[in-house]
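To keep things clear, I will list the structure first and then write my remarks on it.
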Amino acid sequence: MTIEAVPPAGAGGGLPGTDLAPVAASTPRGVLKQLVLGDRQAAFGALVLVLFVALALAAPLISPYSPRVKAGPVYAPPSSEHFLGLDDGGIDMLTLLIWGARVSLLVGFAASLMAMLIGGTVGILSGYLGGRTDTVLMRITDYFLVIPDVPLMIVAAAIWGQSLLNIVIIIAVIYWTSTARLIRSQVKSVREQVYVKRARALGAGNVRLIVKHVLPQVTPLLVANTVLTVATAIFAETYIAFLGLGDPSQISWGKLIQNSLTGGAIFSDAWWAIVPPGVCVTLVILACTMVGQSMEDSLNPRLKVGHLSVHRFRLRRPPAKAEVG
Amino acid sequence: MRGADYVIRRTGAALLTVFVAITLNFVLFRAVPGSAVTALRCFHCTKQFKAALEEELGLNQSMWQQYTIYLGSLAEGDLGTSFTDHRSVWQNLKEPIMNTLPMLVVATVISVVIGVAAGVVSAWRRGTRTDRLNTWAALSFYAMPTQWIGLMVVFYIALRFGFPVAGIRDPTLGILEEPSTWTVIADRLRHLALPALTLGIGLYGEYALIVRSSMLETLGEDYVLTARAKGLKNFNIVWRHGLRNAMLPLVTLIALSFGYILAGAIVIEEVFSYPGIGLAVINAIDQRDYPVLQGAFLLLTFAVIFFNFVADLLYFKLDPRVTA
């Protein structure tokens with residue numbers, strides 16, 4: 001076999017992060033258009049996300065049974081009445097999955113919104129103000145980057161108690177760092193743009209400059225990063241729930257995975273209690289990764305160039321910091 | 001020497017982070033509602049006993065005094081004493097750590113081997129069906145919750161092929177006769193194989209994706225074109241010229257992934273009841289044994305800081321373009 005001339009970085013493949021954006025879309029409409037037309041994977045991801053969100057919102061209307069009421073014998077196999085069988089408490093699995101989507105997605109979106117607020121604020125302040133503020137904030141960020149995330153989540157959840165709000169806060173407090181770093185570098189370059197300097201020369205204050213000129217420039221990237229963080233947050237929720245540190249009264253996909261271990265589904269040969277929750281988590285995380293990365297790529301084609309490729313596929317790891325000069 | 005300055009600065013930063021970690025660790029565990037002793041899950045403990053325990057642990061002193069005592073005992077290598085069995089925390093954690101380490105090593109080897117192979121094949125055959133399939137597989141495994149992979153492995157592999165699904169050694173071994181060294185080693189490997197495989201599968205996706213993109217970039221370099229023009233065999237081009245240069249991001253990524261590897265190990269140990277550091281942490285949570293939890297968390301943080309430090313130095317050593 002031969003090695004053909006290599007196309008420009010990463011063309012072909014058609015997977016997120018492997019396609020060079022045909023046109024670098026910089027307007028929201030351009031991004032949307034590209035999402036739908038230019039990138040089938042991103043469109044697929046968006047579709048999956050919309051579907052799951054719709055399921056979660058409509059849970060009370062569409063779930064066939066009650067998530068709290070025994071609907072039949074323990075670990076009854078799938079049948080025409082119970083499409084995915086029953087779990088260790090005799091509760092309909094399909095119903096549990098639909099209700100589980102609510103908590104899992106809620107935790108995912110709420111935690112990443114909060115992470116976006118923290119990371120965005122730190123990133124903008126750090127990049128815009130520079131100097132000592134920048135140094136101090138980046139030191140703190142560096143610290144959160146090396147702290148082992150899951151042990152910290154475990155310890156925090158164990159100490160502060162097991163409510164949904166606590167879990168959202170814990171996840172947000174751990175995963176804001178990559179957003180902060182990304183936004184910081186973006187703000188640094190926006191700050192030096194001529195039009196920002198002009199606005200400042202005309203007498204615009206810091207607050208006005210940030211709100212009117214910097215924020216609109218970084219918002220799309222912030223949103224893209226938030227979508228990526230949703231994946232991380234949902235992943236983290238499954239860990240917390242699996243270790244029995246989730247809110248015991250809430251049904252989430254993580255809790256369902258835990259149930260299949262503690263309820264002995266494995267030894268009852270009940271694949272329908274083990275496989276589906278994991279598939280749901282995997283699908284949503286894949287979808288978020290695809291949408292988020294496609295958005296990031298179209299907004300900032302430079303991100304995928306050169307050594308930065310190390311950082312492309314971060315889901316669980318914060319980006320490596322290395323100064324290449 | 002190039003970058004003595006860099007090494008010193010990185011060491012300083014790492015030491016500072018260690019100090020922050022110690023302080024945060026102290027604060028985190030003092031932020032318990034009530035005190036650690038009141039939260040202790042112990043049914044036969046009387047009020048007097050708890051008061052005595054508080055006194056013994058110095059919990060009735062001021063925060064600042066507690067902090068200096070904590071720093072002092074850490075400096076002597078004393079991580080504290082377990083609430084539940086009154087052995088030192090280090091005694092409690094030593095064996096679990098020794099159990100976890102071989103699993104982490106085997107898992108890392110598995111993930112790197114699969115990851116590099118998949119990534120290289122993908123980059124070599126870029127744009128083909130093989131590439132697409134490979135990349136999809138890598139992305140999907142990457143998106144799966146590690147504990148769920150573990151459950152699937154237990155369900156579809158362990159039970160069907162007769163692998164042990166719990167513990168680290170066969171409890172019947174050595175009852176009838178003294179087992180030979182080989183039997184013991186084989187038994188350990190059998191217990192270790194599936195947890196390590198699970199962790200390896202969970203990790204490989206990320207490595208494969210990075211090797212792929214890094215290889216694609218390297219294969220586009222001029223020296224690869226030169227190698228082709230010289231008439232080198234494809235194999236030599238891909239493995240010698242391509243992979244060697246494409247490995248750089250992977251090497252640092254492995255060191256950087258240490259935190260994530262640990263996270264995976266914790267849930268996997270729960271799935272397989274593997275008596276490692278993860279199970280020790282989970283048991284400490286169940287019993288609200290804060291000294292053990294605190295000690296384990298501190299050790300894990302140190303390990304991650306250390307590997308980040310190693311990653312920084314490796315990157316610097318391997319890539320001459322990195323400037324101090």
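Computed from the coordinates by the stated procedures, all read-outs in this text should not be read as laboratory data. The structure presented is a predicted model; accordingly, all values stated were derived computationally and were not measured. Using ideal geometry, Cβ is built from the backbone for each residue, glycine included, and neighbour counts are taken over all protein chains shown.
Summary of computed values
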{"read-out": "Mean-position separation - Cα centroids, region B:208-229 and region A:159-210, in angstrom", "value": "36 Å"}
{"read-out": "Span from the region A:78-108 Cα centroid across to the region B:270-323 one, whole angstrom", "value": "35 Å"}
{"read-out": "Cβ charges +1 (Lys, Arg) and -1 (Asp, Glu), total dipole of chain B, debye", "value": "1400 debye"}
{"read-out": "Fewest-first ranking of B:Thr108, A:Thr262, B:Thr130, B:Thr198, using other Cβ atoms within 10 Å as the exposure measure", "value": "A:Thr262, B:Thr130, B:Thr108, B:Thr198"}
{"read-out": "Cβ charges +1 (Lys, Arg) and -1 (Asp, Glu), total dipole of region A:28-302, debye", "value": "1620 debye"}
{"read-out": "Cβ-based net charge around A:Asn259, under 10 Å, with every Lys or Arg adding one and every Asp or Glu removing one", "value": "-1"}
{"read-out": "Highest-first arrangement of B:290-297, A:58-65, where packing means the average Cβ count within 10 Å", "value": "B:290-297, A:58-65"}
{"read-out": "Nearest-20 debye value, the protein assembly as shown charge dipole, Cβ charges on Lys, Arg, Asp, Glu", "value": "2500 debye"}
{"read-out": "Likely footprinting exposure, A:Met93, B:Met98, fewest C-beta neighbours within 10 Å first", "value": "B:Met98, A:Met93"}
{"read-out": "Cβ-based charge dipole, chain B, positive-most Cα from B:Tyr156, B:Thr301, B:Ala284", "value": "B:Tyr156"}
{"read-out": "MRE, 222 nm, helices only [DSSP H, n ≥ 4, -39500 (n - 2.57), over the protein assembly as shown, to nearest 500]", "value": "-22000 deg cm²/dmol"}
{"read-out": "Karplus 3J(HN,Hα) series, Hz, for region B:11-25 with 6.51 cos²θ - 1.76 cosθ + 1.60 (x for Gly, Pro)", "value": "4, x, 4, 5, 5, 4, 4, 4, 5, 4, 4, 4, 5, 4, 4"}
{"read-out": "Highest-fluctuation residue, B:Leu300, B:Leu74, B:Leu248 considered, GNM on chain B with Cα pairs under 10 Å", "value": "B:Leu74"}
{"read-out": "Phi to ³J(HN,Hα) by Karplus 6.51 cos²θ - 1.76 cosθ + 1.60 over region B:89-105, Hz, x for Gly, Pro", "value": "4, 4, 4, 5, 9, 4, 5, x, 5, 5, 6, 6, 3, x, 5, 4, 5"}
{"read-out": "Proximal charge balance of A:Ala71 [Cβ under 12 Å; K/R count +1, D/E count -1]", "value": "-1"}
{"read-out": "Cβ-defined net charge surrounding B:Gly174, 14 Å radius [Lys, Arg +1; Asp, Glu -1]", "value": "-2"}
{"read-out": "Sequence-distant residues sharing a close amide H with B:Thr81 (under 5 Å, placed H)", "value": "B:Val89"}
{"read-out": "Exposure proxy ranking, count of Cβ atoms within 10 Å, fewest first, for B:Ser213, B:Ser82", "value": "B:Ser82, B:Ser213"}
{"read-out": "Positive-end residue of B:Gln48, B:Leu189, B:Thr84, charge dipole of chain B with Cβ unit charges", "value": "B:Leu189"}
{"read-out": "Hz values of 3J(HN,Hα) by residue in region A:119-135 - Karplus curve (6.51, -1.76, 1.60), Gly and Pro given as x", "value": "x, x, 4, 4, x, 5, 4, 5, x, 7, 7, x, x, 5, 3, 4, 4"}
{"read-out": "Listed residues B:Gln147, B:Gly127, B:Val113: farthest to the positive end of the dipole of region B:73-187 (Cβ charges)", "value": "B:Gly127"}
{"read-out": "Nonlocal amide H pairs with B:Val165, under 5 Å, H built at 1.01 Å", "value": "none"}
